[in-house]
Amino acid sequence: MSPSSRPARRLVPLLLLAVWLVCGAALGPYAGKLGEVATNDQAAFLPRSAESTRVVEAQEAFRQDETLPAVVVWTAEEGTADAAMRRSATEALASLEGAPGTVGAASPALPAEDGRALQGVVQLRPDLGERLPDVLAAVREAADRVPGATAHLAGPAATQADLSDAFAGIDGLLLAVALATVLLILLLVYRSVLLPLVVITGAVLALGLACAVVYALADRDVVRVDGQVQGILSILVIGAATDYALLLTARYREELAGQADRFAAMKAALRRSTGPVVASAATVALGLLALLFSDLTNNRALGPVGAIGIVCAVLSALTFLPAVLVLLGRAAYWPARPGPAAGSDSAGRGLWPRVAALVDRAPRKVWAATLAGLLACAAFAPGLVSKGVPLDEIFVNDAPSVTAQAVLGEHFPGGSGNPAVVIADAGRVKEVTAAAAATDGVDSAVPATASGRPGAGNR
């Protein structure tokens, strides 16, 4: 290679590096904007064929004004909830009419059968978002004005606020933990200062590109994003990009140990790594796309979004990483030095060379033993019982809405905060209501009005 051609060889990796850095600066902010196009409706976590999903869809025809109910529960500090306490609670609820975030008039305070508690419902706007805690604080302030009673906030609004608080910043926390774990592993494996930073940078750039692509598609309703998909995407891209980077960096180190020309070493490393990396990525992407056949909407959403993340991880591993490695050369592994190439006297030392030798000597025995172990573990699958997670087990720490729901269940019927909904023929409303009320475990059943709220009406 003539000296005049050496600057030209540096031009390609420099251009690749510049393109990725510009893309990272321009597209990186989209990682924090996915929440703007996320959809977290209840039907997303239900099977498409489930009866409850069909009810959620059918309820849209009954809703003129969507609301988010907040259930206020008062328990008497001493004795029973007398008439004076009930009047005070009703006045407290009435004072919220017209308050920011509320919809319509609140219900009056209703006594429990045991006489020791009161209950009222305040309808809130469903699009409050980050303002929901402030609106609930105003509701609690009004509820606390009832003398001789302790107020609690339950119902969907209180639960949503506690969930938002519990998941606040969780994407950033997951990303930070993932990056710290990968950084630690790379430091232990390579004992290098620069290489872990290069790999982490490539993974972050791949994540920024994936988030930008997903944001653009979700904004046009091509793909669907929810909180669960958003969190999994970060871990998936970071893990995949790091995995592919480990293979390429190992190959490059082997080639550097056998030849002095870093560009020739990278060319050989890419030739030996591209096939396995692309094959692995294709397997993962196709596996993710198989989620399109899932009966759960959020699982189906994860399929194409995850496949996009895998493609971005491959692009970063096969373009950004080689460009940086070839520019750094042996300095990428400093202070460690590239070890002997495969086939040297020390190539068989260590755990993984011995594992590789074992697989090479007896491949059938290895896969048969592995299959037997997997089948033994899979034998426990029929014992898996998945019935969902109750509200009191969702939160690690005590949440106010969980405590309030427990108080509500202690004094009122179990469905007071979130009643079951029955969709039936309007012409047989009396028969359906009577049949529902006669069902074991049902405390009461009332028809809904045209507004969708329980009460006397013909719907």
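The values are calculated or read from the model by the stated rules, or taken from the named source; none is laboratory data. The shown structure was predicted, so the numbers you read here are calculated from the model rather than taken from an experiment. Because the Cβ atoms are built from the backbone with ideal geometry, glycine has one as well, and the counts that use them run over all protein chains shown. Accessible surface is based on the protein model in full, side chains and every heavy atom, while ligands, DNA and RNA are left aside. Shrake-Rupley method; radii C 1.70, N 1.55, O 1.52, S 1.80 Å.
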Legend entry - Sparsely packed trypsin sites (Lys or Arg not before Pro) within region 213-284, loop by DSSP, other Cβ within 10 Å at most 14: Arg220
Inset, instruction - Would you kindly state how much longer the chain becomes between Val19 and Leu292 on full extension, computed as 0.36 nm times their sequence separation minus their alpha carbon distance, in nm to one decimal? - result: 95.0 nm
Legend entry - Net charge dipole size for region 140-294 [Lys, Arg +1 and Asp, Glu -1 on Cβ; Debye, nearest 20]: 700 debye
Legend entry - region 192-237 - accessible surface per residue (Å², probe 1.4 Å): 35 Å²
Legend entry - HN-Hα J in Hz across region 133-149 - Karplus 6.51, -1.76, 1.60, θ = phi - 60°, x for Gly and Pro: x, 5, 5, 5, 5, 5, 5, 5, 4, 5, 5, 6, 7, 7, x, x, 9
Legend entry - Dipole moment magnitude, nearest 20 debye, region 86-188 about Cα centre, only Lys, Arg, Asp, Glu C-beta charged: 220 debye
Legend entry - Heavy-atom accessible surface of region 214-345: percent carbon and sulfur, 1.4 Å: 62 percent
Legend entry - Residue-wise HN-Hα coupling along region 318-324, computed from phi with Karplus coefficients 6.51, -1.76, 1.60 (Hz; x: Gly, Pro): 9, 10, 5, 4, x, 4, 5
Legend entry - Order by protection proxy (mean Cβ within 10 Å, highest first), peptides 424-430, 292-298: 292-298, 424-430
Inset, instruction - Give the long-range amide H neighbours of Asp226: residues separated by 5 or more places, or on another chain, with amide H under 5 Å away, using H modelled in the peptide plane at 1.01 Å from N. - result: Thr39
Legend entry - For Leu68, residues with placed amide H under 5 Å, excluding near neighbours: Leu124, Arg125
Inset, instruction - For region 87-131, report the accessible area per residue in Å² (1.4 Å probe, heavy atoms, rounded to an integer). - result: 52 Å²
Legend entry - Cα gyration tensor, region 184-310 - rounded (a/c under 1.5), prolate or oblate: prolate
